[in-house]
Amino acid sequence: MQPYKKSFSFIDTAGLRARIDAEITNRNGYPEFTASGTYDNGGGQCLDRIKTKTSKQTEFIELWQKYHLKNVSKIHNFREHLEGIIAVIEYEEKEYEAQKEEKTGDEKTLEIMEEEGISDDMLDAVKAYMSLGIESDDGLENFTESYSGQFSSDEAFAKDMADNLGSIDKNATWPQNCIDWKHSARELMMDYSEADGYYFRNI
């Protein structure tokens with residue numbers, strides 16, 4: 001069995017980070033599995049204090065409890081199994097960190113929305129607005145005045161705008177039912193911006 005060494009980390013259910021070094025060595029003439037790390041200001045063999053959050057975290061700790069400092073040469077595919085567990089833990093940790101960053105970003109946006117008196121159900125629209133960089137420093141001063149609705153396309157937006165302005169007689173036939181909505185939308189969008197299907201008037 002080839003030597004192996006991997007350092008990885010994860011957050012447990014207590015919100016504490018465990019940093020672990022897992023290793024397979026041949027120092028004693030046989031493949032020996034060892035694992036140690038740091039957790040909650042403790043080091044060395046502190047892994048049994050970790051309050052695991054996922055099944056793979058639990059599986060790794062159980063593997064450590066069962067095989068630490070033992071000859072694993074007769075354990076079928078031990079290294080592959082160990083690598084697989086760690087790979088999943090690392091993937092889960094990346095997903096967790098990504099979700100945490102997104103949540104933190106949304107919480108910040110919701111705080112700004114509350115200050116401006118904007119309803120929480122407008123979060124997606126506000127995020128679209130902010131992505132356009134219409135206002136600096138994450139400002140939302142002009143959001144309510146700028147927001148013009150959610151539409152499937154520029155053409156749909158142009159049709160809705162024309163209808164709201166009373167520019168089109170719904171009972172009219174030719175030539176008003178032959179409007180080039182693509183061209184109309186192109187002209188209208190000179191004064192508007194769009195992101196994720198949300199439309200905003202440039203103020």
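The figures follow:
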| quantity | calculated |
| --- | --- |
| Qualifying GluC sites (Glu not before Pro) in the range 92-151, DSSP loop, other Cβ atoms within 10 Å at most 15 | Glu135, Glu141 |
| Model label zone, Arg186; criterion: amide N under 12 Å from point 7 Å along Cα-to-beta-carbon; scope the range 119-157 | none |
| In sequence order, calculated HN-Hα J values of the range 190-203 (Karplus, 6.51, -1.76, 1.60; Hz; x Gly/Pro) | 5, 10, 9, 10, 9, 8, 6, x, 9, 10, 9, 7, 6, 10 |
| Gap separating the Cα centres of the range 5-41 and the range 103-163, nearest whole Å | 46 Å |
| For the range 34-41, 3J(HN,Hα) per residue [Karplus equation, 6.51 cos²θ - 1.76 cosθ + 1.60, θ = phi - 60°, Hz, x = Gly/Pro] | 9, 8, 8, x, 10, 7, 6, 6 |
| Residue-wise HN-Hα coupling along the range 153-164, computed from phi with Karplus coefficients 6.51, -1.76, 1.60 (Hz; x: Gly, Pro) | 6, 4, 5, 5, 5, 5, 4, 5, 4, 4, 5, 5 |
| The chain - Kirkwood radius from inverse mean 1/r over Cα pairs (Å) | 22.1 Å |
| 222 nm mean residue ellipticity, helices alone, for the chain (DSSP H n ≥ 4; -39,500 (n - 2.57); rounded to 500) | -13500 deg cm²/dmol |
| Degrees between helix 78-116 axis and first principal axis of the chain (Cα, 0 to 90, nearest 10) | 40 degrees |
| Largest-first principal axis extents of the Cα set of the range 4-99 (Å) | 43, 25, 18 |
| Theoretical gain in end-to-end length, Thr13 to Ala162 [0.36 nm per residue, Cα-Cα removed] | 48.1 nm |
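Read the figures in this text as sums done on the coordinates, not as results from a lab. No experiment lies behind these values; they were computed from the predicted model shown. Glycine gets a Cβ as well: all are built from the backbone with ideal geometry, and neighbour counts include every protein chain shown.
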